[in-house]
Structures are given as C-alpha cells and as structure tokens.
1. Under the condition of being hydroxyl-bearing (Ser, Thr, Tyr) and in contact with an Asp or Glu (Cβ under 7 Å, 6 or more places away or on another chain), which residue from the range 1-51 is surrounded by the most Cβ atoms within 10 Å (Cβ to Cβ)?
2. Out of all the residues in the range 94-105, is one or more surrounded by fewer than 20 Cβ atoms within 10 Å (Cβ to Cβ) and within 15 Å of His49 (Cβ to Cβ)?
3. Can you find, within the range 12-42, the residue that is farthest from Asp74 (Cα to Cα) among those that are small (Gly, Ala, Ser) and in a loop (DSSP other than H, G, I, E, B)?
4. What tally of residues in the range 92-140 results from selecting those that are in a loop (DSSP other than H, G, I, E, B) and among the β-branched types (Val, Ile, Thr)?
5. If Glu84 satisfies all but one of (1) of a type in the set (D, E, K, R); (2) at pLDDT 95 or above; (3) out of contact with any His (no Cβ under 8 Å at 6 or more places or on another chain), what's the number of the condition it fails?
Amino acid sequence: MGEVDTVDSNGLTPLMWASAYGQMPTVQLLLRHGAKTENTGPDGESPLHLAAAGGHHDVLRLLLSEGASVNRADDVCCLNCRIENSIDLDLDNGNTALMYAAYGDHPHCVNELLLRGADLTMVNLNGDTAFGVAVGRGSKLAQSVIEKYLIMLLT
C-alpha cells in the first residue's frame with residue numbers, strides 16, 4: 001500500500017473520503033498518483049459505495065472507468081457511523097453500490113451502475129435487492145430508473 005492509500009484513524013483512505021464528499025479534482029489527483037479503487041474501510045465500504053451513497057455521479061463514473069467493481073458488496077450496516085452528513089442506511093450487511101444509490105434516490109448513479117453491469121438480482125443479508133431497497137425507502141426516482149431498465153431488458 002503506497003502513501004496515497006494510507007489509512008487514517010477511521011480506517012479510511014484519502015480516496016474514500018474524497019469519493020464520499022464528491023471531490024472530483026481530489027479523486028482525479030489521487031487516482032493519478034496510484035490510489036486503489038478496491039481498498040475498503042473497516043466495514044467493507046469502498047470508494048464506489050461512498051460515491052453512490054452520496055449521489056456523486058461524476059465520481060462514481062470515474063471510479064468505474066478506473067476498474068472499481070460494480071457488484072462488490074460491503075459488510076456495513078450504517079455508513080454514517082463513519083461519515084458525517086451521509087445517508088443513514090437502515091439496511092443489513094452485504095449492500096452493493098446500486099443499493100446505496102437506490103436508497104439515496106440518486107437516479108443518475110443508479111442508471112450509470114446499471115449501464116455498467118450492476119446485478120439487479122443481488123440481495124443483501126436482509127434479502128433485499130436494489131429495487132426492493134428503492135421501493136421500501138420510497139426512492140421514486142431510483143425506482144423509476146430501475147423499472148425502465150427492466151422494461152428495456154424485456155423488449
């Protein structure tokens with residue numbers, strides 16, 4: 001692990017923090033200097049999970065283009081235990097970036113993840129898919145994007 005991937009007292013790397021707060025120039029700089037997109041925090045959260053949770057579509061797209069795993073599941077119950085002002089995910093372990101984007105009602109992130117191969121059939125430990133998360137949370141925009149994607153697959 002290089003200095004660019006040094007973990008702080010919260011167990012997070014600079015790329016994780018920059019992704020969580022949507023700091024695109026910082027994310028670009030860190031990636032240029034070799035930051036790893038697949039490093040995870042103490043609860044399994046990746047930079048992609050954090051970008052999806054915050055609705056940072058541009059950061060999410062860049063992380064995916066740099067090789068971030070679209071279907072990686074975390075092992076976290078609540079991201080806001082780590083990051084102030086983030087979404088309080090009242091979900092069980094095993095959430096994907098698509099589930100975080102659906103929970104936060106971030107349609108652009110949901111669409112990007114689906115176009116990049118996010119698996120709609122994956123379930124977290126609570127048995128919820130991303131669509132189930134969107135419906136249960138009342139995330140109407142995310143729900144609509146997923147519905148349109150499913151219709152596109154069927155036609």
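The values are calculated or read from the model by the stated rules, or taken from the named source; none is laboratory data. Computed from a predicted structure; not experimentally measured. Positions of Cβ are backbone-derived with ideal geometry, glycine not excepted, and every protein chain shown enters the neighbour counts.
1. Ser46
2. Yes, there is a match, as at least one residue in the range 94-105 is surrounded by fewer than 20 Cβ atoms within 10 Å (Cβ to Cβ) and within 15 Å of His49 (Cβ to Cβ).
3. Only one residue tops the list, namely Gly34.
4. Qualifying residue count for the region: 4.
5. Checking Glu84 against (1) of a type in the set (D, E, K, R); (2) at pLDDT 95 or above; (3) out of contact with any His (no Cβ under 8 Å at 6 or more places or on another chain), the one that fails is (2).
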